[in-house]
1. Quick one: which residues, 5 or more positions from Leu95 or on another chain, have an amide H under 5 Å from its amide H? H modelled 1.01 Å from N in the peptide plane, none for Pro or chain starts.
2. In the structure shown, do any of Lys12/Lys97; Lys90/Lys165; Lys4/Lys97; Lys12/Lys181; Lys132/Lys192 have a Cα-Cα gap over 22 Å, and if so which?
3. Leu6's amide H: which non-local residues (gap 5+, or another chain) put their own amide H closer than 5 Å, with H modeled 1.01 Å from N in plane and none for Pro or chain starts?
4. With θ set to phi - 60° and the Karplus curve 6.51 cos²θ - 1.76 cosθ + 1.60, what are the ³J(HN,Hα) couplings of region 145-151 in order, to the nearest whole Hz, using x for Gly and Pro?
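Bear in mind these aren't lab numbers, they're just calculated from the coordinates by the rules spelled out. Quantities reported herein were computed from a predicted structural model and do not represent experimental measurements.
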Amino acid sequence: MIEKVLKTTQGKLSVKIPTYLNEVTLGQMMEMQEKHYLNDLEAISVLSGIPIDELNNVSNVDDFQVFGDTIISLSHQIKYLYNSDTIPSKITFQLGKRLSTVNVIHNLSVEPAGAFMAARDIIADEINEHIKQYGEDNWKIHFNPSLSACCHVLAHYFYCRATGKKYNEYEAEEFCSEVKKLRVTEALPIAKHFFTCYPNLLKQKTTFLQRLHHFWRRRRVFNRLKNSNI
């Protein structure tokens, strides 16, 4: 972390931002991605957790220059993170006063079925949207899932094992608030692994009822042919 006490029109303000990417949370990265075009002051606000209104009261704008090189360095580290294949073996959540450590299983096809299907649909929708915009040729080379999609996939994936509760779709969605607290260097490689290892999910999704209807339709055709001695 890099920290500096700045003079403001009201007194003094201590500003501290991460120096390395493993000090940045997924939630902070999501906030920066959602804003698309950040100026330096907005980036400092997100990384420090200090509202922009308080930073606007700093007496000398040149005092922010000490954070400039750090922000540039973090932006370069983010580019390399998208290319990282290093997946942590364990993830620890701080759930109130309780720590919950979860083993990271590389296979997403695990129980409960509801969690798998929810994560599968998020992945498929994200890949399909990318292909719709940029084409199917070499989609993996250019594909970077949104951090929001990554967060939702991990929320469904980790919810049961982190909390010890039965799967509930709505509570799993709310678990995003806990996933956002993870270090981005932990969360992003895990989510990226799921996105890149399941290319078959880009295929058109067929619901169970659609498959059942298709089965019975084929069954009726077979019986009709059988009864007509064909």
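1. HN-HN under 5 Å from Leu95: Ser100.
2. Those over the limit are Lys12/Lys97; Lys4/Lys97; Lys12/Lys181.
3. HN-HN under 5 Å from Leu6: Leu13, Ser14, Val15.
4. x, 5, 5, 5, 5, 4, 4
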